[in-house]
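Let me begin by presenting the structure, written as structure tokens, before commenting on it.
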Amino acid sequence: MRRLEIAGTVGFLLYMPHLFFPSDGQEAIFAVLLCIAALLTACHVWFEGYRWQMAPAYFLAIILALYECMHWLWGFHAPYLAGVAALLLDLAAVVLSILLPVFKLPAPTGPHKVGTQIRHIIDGSRRDPFSDLPDGVRELMIQIWYPLDPSVRSLVTAPYRDKRITALKDAHFALVKSHSMPGGRLLRSESGYPVLLYTPSWSGIRTECTVQVEELASHGYVVVGIDHPYSSRVMAFPDGRIARRKFVGNEDYSSQAAVEAFAKAADQQVEIRAKDASFVLDTLEHLNGNDPDGLLTGSLDLARVGIFGFSLGGGTAAQTCWLDRRFRAGLDMGGLIAGESARQGTSAPFFFMFEGLYESFPYTSGADISGVGPRKRRDIEFTQKQFELMKRSLSKSGGYWMVINGIKHLDFCDAPFFSPLRRGSANPERIARIIGRYALAFFNEHLRNIEQSLLDGPSPDIPEVGFQTWEAKAPSEHLPSGYFRRRS
């Protein structure tokens with residue numbers, strides 16, 4: 001709970017004895033307590049922003065104010081049950097606010113503060129069959145995170161989510177503050193900054209991995225997050241249009257036909273999104289030459305470009321590395337691969353990260369799954385085939401394979417910070433730091449040519465991680481599972 005939320009609800013709680021044990025000698029004191037609690041609640045609405053989780057407290061403030069007026073004017077005394085109801089309302093506000101908080105994300109650890117800017121870009125060479133406009137071309141919304149000029153002084157930070165794309169259940173996300181300052185000047189660099197693109201999950205949005213995006217930007221990368229219209233769950237264009245997900249398809253193992261339909265949808269999506277990513281890089285090349293807003297002109301090193309993504313976004317990263325050789329490295333956080341990259345490999349060094357359960361039964365190669373039900377068997381067989389394709393790609397282009405024990409799929413994004421109900425046994429901040437350390441090391445080595453000892457093998461201070469280094473070899477010569485090779 002935020003400070004004024006706590007103060008207001010505690011104020012109401014202190015007033016409660018007056019409802020249970022009315023006392024003529026202390027009425028004025030309790031009236032003052034109620035006024036203070038109501039004032040604190042009003043300040044919360046004004047300064048912190050209202051949210052539906054606090055609605056019981058707002059209702060309570062109105063009802064108690066009316067009760068006090070009736071008491072002073074006509075001597076009315078509320079029955080005992082009114083105190084119980086008031087207490088339940090106050091507790092409801094507390095519980096809802098704790099379970100669905102205006103959460104805080106971990107601050108980035110790099111030496112730079114982070115700035116951010118949102119852009120609308122249009123690819124006039126491609127028609128978008130899902131567009132709401134007749135003969136609509138492909139439009140994208142991108143968000144740029146970058147090292148901020150330290151001379152910029154601002155108390156304003158960008159909201160975690162645009163209010164226009166929230167619904168009732170996540171409206172409070174618009175009240176969450178990121179650690180990025182909107183619109184500030186980019187810190188100039190003579191050599192230019194390496195560039196990273198972020199592509200979101202199956203129906204995800206560009207801010208779903210803000211922790212990792214801000215972390216990389218704070219360490220001297222320009223990071224560009226992409227919303228893929230009509231694939232991302234929801235996004236807003238500058239003219240007020242709201243684009244919602246239209247493509248059909250979800251992960252489904254209910255039948256073999258469902259698995260094939262899911263795989264086909266994944267193929268189609270990574271191909272569309274990889275073209276989006278390639279177009280974003282084209283746009284960055286133009287902006288590096290002459291940015292109308294003056295932000296990026298001459299500040300990008302486009303010989304050092306990488307891409308990363310969560311879930312299906314990781315598959316998009318792999319497909320993009322296959323499609324466009326300007327991308328020199330890619331990272332997949334917990335995602336499948338599809339399209340040509342699944343069949344032919346990524347054509348660039350790649351880093352695959354997964355939750356540790358995939359290193360145990362029944363997903364291990366050769367595991368006896370004869371007693372597993374048909375739905376689960378299809379899931380296992382699909383996953384095992386995916387891992388074969390990924391490791392074949394690693395044996396071709398080199399890279400890394402990492403599993404983090406004790407985490408869930410959503411731990412790769414910001415979701416564990418949304419609510420205590422989203423957290424498993426793992427500490428979400430520690431897991432985010434682990435992912436961030438390895439991602440930074442990977443891109444530092446492959447884009448900045450700075451050798452990283454963290455990538456040589458298992459690290460004793462990170463026991464949750466199982467790690468393998470793969471060198472580019474012929475498929476038949478790839479490293480066996482569990483083998484770690486230290487580079488010379």
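Report the one residue of MET235, ILE205, ASN250 whose Cα lies farthest in the direction of the positive end of the charge dipole of segment 153-254 (charges on C-beta: Lys and Arg +1, Asp and Glu -1; origin at the Cα centre). It is MET235, whose Cα lies furthest towards the positive end.
How much FRET efficiency would the formula 1/(1 + (r/R0)^6) give for LEU66 and ASP239, where r is the Cβ-Cβ distance and R0 is 60 Å, rounded to 0.05?
Values: r = 44 Å, r/R0 = 0.74.
Given R0 = 60 Å and the Cβ-Cβ separation, E is 0.85.
Students often get this wrong, so check it: of LYS264/LYS376; LYS408/LYS473; LYS391/LYS473, which have C-alpha atoms separated by over 23 Å? Where the Cα-Cα span goes over 23 Å, the pairs concerned are LYS408/LYS473. Segment GLU451..SER189, full-extension length gain: 92.2 nm, with 0.36 nm per residue of separation and the alpha-carbon distance subtracted. Enter the Cα centre distance for the pair segment 387-444 and segment 46-114, rounded to the nearest angstrom. Each part reduced to its Cα centre gives a spacing of 37 Å.
If you stretched the chain out fully between ARG392 and LEU133, how much longer would it get, using 0.36 nm times the residue separation minus the C-alpha to C-alpha distance? Walk me through the intermediate numbers first.
Working: separation 259, 0.36 × 259 = 93.24 nm, distance 4.21 nm.
Stretched out fully, the ARG392 to LEU133 stretch lengthens by 89.0 nm.
Spin-label pair LYS385-PHE47: with each label point 7 Å from Cα along the Cα-Cβ axis, the two points sit 5.9 nm from one another.
Rolling a 1.4 Å probe over the protein heavy atoms leaves SER419 with an accessible area of roughly 10 Å². Once the Cβ-Cβ distance of LYS376 and SER151 is raised to the sixth power relative to R0 = 41 Å, the FRET efficiency obtained is 0.10.
Here the Kirkwood formula puts the hydrodynamic radius of the chain at 24.9 Å, using every distinct Cα pair.
Calculate how many DSSP beta bridges within the chain are antiparallel, expressed in % of all such bridges and rounded to the nearest 5. Spell out each step's value before the answer.
Values: 27 of 56 bridges.
If we restrict to bridges inside the chain, about 50 percent are antiparallel.
Given +1 at the Cβ of Lys and Arg, -1 at the Cβ of Asp and Glu and no other charges, the dipole of segment 1-155 around its Cα centre is 580 debye to the nearest 20.
Within straight-line reach of LYS163, meaning a Cα separation under 22 Å, sit the following lysines at least 8 residues removed in sequence or on another chain: LYS104, LYS177, LYS246. Taking only protein heavy atoms and a 1.4 Å probe, the accessible area of segment 244-381 is 49% carbon and sulfur. Taking a point 7 angstrom from the Cα of HIS77 along the C-beta vector, which residues in segment 37-61 have backbone N less than 12 Å away? Within reach of a label on HIS77, which here means backbone N under 12 Å from a point 7 Å along Cα→Cβ, segment 37-61 contributes nothing. Model label sites at LEU302 and ALA31, defined 7 Å from Cα along the beta-carbon direction, differ in position by 7.2 nm. Taken as entire DSSP H runs, the helices of the chain that both span 27 Å or more between Cα atoms along their own long axis and average -0.5 or more on the Kyte-Doolittle scale are 55-74, 80-99, 256-289, 428-447. Can you work out the PRE-style zone for ASP293? Point 7 Å along Cα to Cβ, and I want the residues of segment 175-199 with backbone N under 11 Å. Those under the cut-off are 182-186. Based on protein heavy atoms only, the chain ends up with 44 Å² per residue of surface accessible to a 1.4 Å probe. By accessible area, using a 1.4 Å probe on protein heavy atoms only, segment 397-444 has 51% of its surface on carbon and sulfur.
Percent of accessible area on segment 115-235 owned by carbon and sulfur, 1.4 Å probe? Ligands and nucleic acids excluded, carbon and sulfur reach 58 percent.
For GLU285 and LEU421, a Förster radius of 35 Å and the Cβ-Cβ distance give a FRET efficiency of 0.20, rounded to the nearest 0.05.
What full-extension length gain, to one decimal in nm, is calculated for SER459 and THR364 as 0.36 nm per residue of separation minus the Cα-Cα distance? Don't skip to the answer; put the middle values down first.
Values: separation 95, 0.36 × 95 = 34.20 nm, distance 2.31 nm.
Here the segment from SER459 to THR364 would lengthen by 31.9 nm.
The values are calculated or read from the model by the stated rules, or taken from the named source; none is laboratory data. It should be emphasised that the depicted structure is a prediction, and the values quoted were computed from it without experimental measurement. Cβ coordinates were reconstructed from backbone atoms using ideal geometry, including for glycine residues, and neighbour counts include every protein chain displayed. Note: areas computed on protein heavy atoms with side chains; ligands, DNA, RNA excluded. Shrake-Rupley method; radii C 1.70, N 1.55, O 1.52, S 1.80 Å.
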